[in-house]
Amino acid sequence: MLHYLHVCITLLQDGHDETESKMSKRQLTEKQQAFMAVLFEEAGGDVVVAKRLAGYSDNSPTTTIVEALKDEIFEATKSYMSRIGPKAAIAYASALDDPTQLGVKEKMLAAGQILDRAGVVKTERVAVESTGGLFILPPKNADDAEDS
């Protein structure tokens, strides 16, 4: 289990490094940089609060700011989901340790949604076994022959 979590964290961190390099390609104004810096921390994801904290005037249309930064916001959102992915994985593990804790069902649903969005998806495996390349059909009934 710990090895699996380590692999997941490593994969998510690799994605985070790519996100940072993509975001650093475009030059942002000082206010745009401040907006992005506070959006997921102090502003708690609230774009209006982030606008105020970044120093924009109340007359600045929030829609215009968000539209100008939509690619950066999208990449930052993916990065944020990657950062909280390990916490969701730990929530799953804690439910195994104490399945009677209050709200465990809701916690598991939320953790599953976060892991899905962070890219840690459930895989299903189907085992197919074959002993040879020949498939023998049962003999055809006389009734079946007349129907054809």
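At a glance:
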{"item": "³J(HN,Hα) computed for each position of segment 113-120 - Karplus, 6.51 cos²θ - 1.76 cosθ + 1.60, integer Hz, glycine/proline x", "result": "5, 5, 5, 4, 6, 7, x, 8"}
{"item": "Cβ-Cβ FRET estimate between L109 and T62, R0 fixed at 41 Å, reported to 0.05", "result": "0.85"}
{"item": "Cut-off under 5 Å, modelled amide H: who pairs with F40 long-range", "result": "G45"}
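Bear in mind that the values in this text are calculations on the coordinates, not laboratory data. No experiment lies behind these values; they were computed from the predicted model shown. Note that each Cβ is placed from the backbone with ideal geometry, even for glycine, and that neighbours are counted across all protein chains shown.
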